[in-house]
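What follows is calculated from the coordinates using simple rules that are stated; it is not laboratory data. Here the structure is a predicted model, which is why all the values come from computation and not from measurement. Virtual Cβ from ideal backbone geometry, glycine too; neighbours counted across all protein chains shown.
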Amino acid sequence: MLPITEQENPNTRNIDQASTLDALRLINNEDKLVAVAVEKVLPEIVKAVDQIVERLANGGRLFYVGTGTSGRLGVLDASEIPPTYGVSYDLVQGIIAGGYDALYKATESSEDNKEQGIEDLKVRGVNEKDAVIGIAASGRTPYTIGAVEYAKSIGCFTACIVCNPDSAITKAVDVAIVPVVGPEAITGSTRMKAGTGQKLILNLISTAAMIRLGYVKGNRMTNMKPANEKLKERSLRILIGETHLEESAAEDLMEKADGDLRVAIVMNAAKLDAATARESLERNEWVVERAVANSHQ
């Protein structure tokens, strides 16, 4: 029997004859099913997040591994974590079959190479402290299966995000996250519902992990890096929200903190100068609340 992701969808059988609006409605109706499918696998996502947080808190890293759309989504999620949460670019890494060239052009033949999946993990120095998530719509991609099998064999925590139940990759990992989103609106085009489901789950995993590690205060990204004008304005709004200072006073505080939102918040909360606030953050793994609580020790 064909995997669900490769089956024809009876709801869109005549989409090629539909008007533009009707075609969009058909696709949108299919998209509505994705969040429901993700909701059903929240218990598995919890298991993965808890294991990942434990690894990251003890010197490990998180790796996403995939091919094609799945690999691109992993690289995308990994690349957005450092500026959003102020962590090292090494903490969360995306590995895609075919290397970074595969981000903008098809290199699908590389997904058949199981040994390359293993080699690409070895090049990154993956070890038993790390967590590895294989992303594969069908769940039968040799490259990704090879990677997670190797990772598990050396003691990594392993998980997969896959849209076909009982696929090969689910048997190779510690935790299988399987949102069954159903057949695609365009047969086999897994960049659509399957890709959307994978993106939602990656958002859940990385965001929840960063919250658990202490890089969010309330619902504010207090560890963000203000790397451009838009982000500088956002960091100022966050600082005002955290400190209740007038805008001019917040701007002055941010200047004293050399533009580092984390330092500014700790300076205000613990009544410290910039150098001492920075030292407290460094001692406390750049977790703002911990740096404030331990600032006078």
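All of 246, 233, 255 fail the test of being of a type outside the set (S, T, N, Q), under 19 Å from residue 84 (Cβ atoms) and out of contact with any Pro (no Cβ under 8 Å at 6 or more places or on another chain), apart from 233.
Within the range 88-102, the set of residues being among the acidic types (Asp, Glu) and under 12 Å from the mean Cα position of the chain (by Cα) is empty. When only residues in the range 208-240 that are of a type in the set (S, T, N, Q) and surrounded by fewer than 18 Cβ atoms within 10 Å (Cβ to Cβ) count, which is nearest to the chain's Cα centre (by Cα)? The selected residue is 219.
Of all the residues in the range 133-165, those that are of a type outside the set (A, V, I, L, M) and part of a loop (DSSP other than H, G, I, E, B) number 9.
Counting residues in the range 78-92 that are closer than 16 Å to residue 169 by Cα, surrounded by fewer than 24 Cβ atoms within 10 Å (Cβ to Cβ) and touching a residue at least 12 places away in the same chain (Cβ under 8 Å) gives zero.
Filter the range 241-280 for residues that are of a type in the set (Gly, Ala, Ser), surrounded by fewer than 20 Cβ atoms within 10 Å (Cβ to Cβ) and either touching a Leu at 6+ places or on another chain (Cβ under 6 Å) or under 17 Å from residue 295 (Cβ atoms) (or both) and give the result.
Taking the range 241-280 first, the residues of a type in the set (Gly, Ala, Ser) are 241, 248-250, 257, 259, 264, 269-270, 274-275, 277, 280.
Restricting the remaining residues to those that are surrounded by fewer than 20 Cβ atoms within 10 Å (Cβ to Cβ) gives 241, 248-249, 259, 269-270, 274-275.
269, 270, 274, 275, listed by residue number.
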